[in-house]
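Notes for the one structure printed next.
Quick note: the coordinates plus some simple rules give every number you see, no bench work behind them. It should be emphasised that the depicted structure is a prediction, and the values quoted were computed from it without experimental measurement.
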Amino acid sequence: MINIMEVVELPEETPTNRSSFTVNDLDIEILPLIYEIIRSVEKDPYDTTQKAKESQDTSQKILELQKKLDSARSQIKRLPGIEYSKEEQLEKLETLRKQLRLKRELLFKYRNMCTFEIPKV
C-alpha cells in the first residue's frame, strides 16, 4: 500500500510559516490624511493670521503623511517574495501550480485505488 505522506510532500509547519507577514497585516491608512490636506489647501481664509495657522496645520499633516508613507515602505519590504523579480515570481507560481496538479492527481489515484481485503482464516 502506498503511504500518502511519502508521495505528497507537505510543507512542514514551522513558526515562521505560521507567523509570516501578509498583505492583510499592512497598516496603510493614507487616504484620510490626503483628504485633510486637500481640504486645508482648498480653504482660503481672509485673515492673514488664520492663513498662517492653516499653512502650519497643512505642513504638519504633510509631515504625518510622509511618516505614514515611510512606514508603508518599510512594511512592504517585510512581505515575503518581494525580493524576487516579476519573472521569478511567475516561475515560482508556475512551479507551485504544477506541484499542486501532480499532488491532486496522486491523491485522486490513491482515493480510487482498489482496496484488497485480506481473507480471515
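Quick rundown of the values:
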read-out: Cross-link partners of Lys61 among lysines (Cα-Cα below 30 Å; sequence separation of 8 or more within a chain); value: Lys43, Lys51, Lys53, Lys77
read-out: Vicinal HN-Hα couplings computed from phi for the stretch 46-62 (Karplus, 6.51 cos²θ - 1.76 cosθ + 1.60; Hz; Gly/Pro x); value: 7, 6, 5, 5, 5, 4, 5, 5, 4, 5, 5, 4, 5, 4, 5, 5, 5
read-out: Calculated over the stretch 20-121: convex hull of Cα atoms, volume per residue (Å³); value: 182
read-out: Those lysines that a straight Cα-Cα span of less than 21 Å connects to Lys98, excepting residues fewer than 8 apart in one chain; value: Lys86, Lys109
